[in-house]
Amino acid sequence: MRVVVVGAGSVGRSIARELILRKHQVLIIDKYAEESRSSSVPEASWLLADACEIATLREADLETCDVVVCATGDDKVNLVVSLLAKTEFGINRTVARVNNPKNEWMFDEAWGVDVAVSTPRLMTALVEEAVSVGDLVRLFQFQQGKATMVEITVPADSPNVGVAVSQLELPPECVLVGIIRDNVPIAPTPFDAIEALDELLLLATPEAEQSLGAVLTGRPANEIRTHSPAASD
């Protein structure tokens, strides 16, 4: 897969390194990238130019890439590049970093953003997750598909403790995509059994979240709390 990462700060370079480790082809675009930054990810291709310029994106052969990741520290840049990637180059998948939670409402399909990742929101969600066993934590939302990534820690008294993944009766709009057990991520198989205090990562529609929480905890749906951190000052 060919991925273009816009922004050569610590976030952009970290993403690029992870993608390269997974054998993807990466091009990093940054107007002000210094030699020390480019030398820190030598396996990537580099383009020192303004990603907000159509000419730069053409030089990057953006139409040949599979995913564009906008990881700069400037929300305006991330939105502009996402919009250009979608409208001018027909990119199938855009991922954009949200720096200021107050701007999160703009990061949707209208601006060409498929997945908006808000670091403040994720950090707040993880804090809430640590003290809310049995509650749903909405980690982020896939704007185009109107689906969410949610996390729930299975209570010790859940009726699903000991139940195999293949036997979980999840709502039809929900998919189990990962289990974190003893701080180790697990790709669930049909034969894995759910254990108390497993952290389950699921894709769901917002409408199905309450039902999902009820299934996984054994509690009434109206008692399930969903944490969706609000933008803070």
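The values are calculated or read from the model by the stated rules, or taken from the named source; none is laboratory data. Not measured: the values here are computed from a predicted model. Every residue, glycine as well, gets a Cβ built from its backbone with ideal geometry; the counts of neighbours run over all protein chains shown. Surface accessibility is based on the protein's heavy atoms, side chains included, excluding ligands, DNA and RNA. Shrake-Rupley method; radii C 1.70, N 1.55, O 1.52, S 1.80 Å.
Structure above, values below:
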read-out: Inter-probe distance in nm under a simple model that places probes 7 Å from Cα toward Cβ, at Arg93 and Ser14; value: 2.0 nm
read-out: Protection-proxy order for peptides 173-180, 219-226, each taking the mean of Cβ atoms within 10 Å per residue, highest first; value: 173-180, 219-226
read-out: Label-to-label distance, nm, for residues given as Ala221 and Glu59 (7 Å Cα→Cβ offset); value: 5.5 nm
read-out: By average C-beta atoms within 10 angstrom, highest first, the peptides 88-100, 42-54; value: 88-100, 42-54
read-out: Apportionment of accessible area to carbon and sulfur, the range 2-118, percent (1.4 Å); value: 50 percent
read-out: Highest to lowest packing among 2-12, 18-28, 149-159, scored as the average C-beta count within 10 Å; value: 2-12, 149-159, 18-28
read-out: Over the chain: helical MRE at 222 nm, DSSP H runs n ≥ 4 each giving -39500 (n - 2.57), nearest 500; value: -7000 deg cm²/dmol
read-out: Aspartates and glutamates with Cα under 12 Å of Lys76, excluding same-chain neighbours fewer than 8 positions away; value: Glu104
read-out: Surrounding net charge for Thr56, when Lys and Arg each add one and Asp and Glu each subtract one, Cβ distance under 9 Å; value: -1
read-out: The range 132-227, relative contact order in percent, only Cα pairs under 8 angstrom and at least six apart counted; value: 36 percent
read-out: Whole-Hz ³J(HN,Hα) from phi, Karplus 6.51 cos²θ - 1.76 cosθ + 1.60, for the range 183-190, glycine and proline x; value: 6, 10, x, 10, 7, x, 10, x
read-out: Accessible area per residue in Å² at 1.4 Å probe, computed on the range 2-118; value: 48 Å²
read-out: Residues whose placed amide H lies under 5 Å from that of Ala147, excluding near-sequence neighbours; value: Phe142
read-out: Cross-link reach list, aspartates and glutamates versus Lys102, counting only Cα pairs under 12 Å and skipping chain neighbours closer than eight places; value: Asp75, Asp233
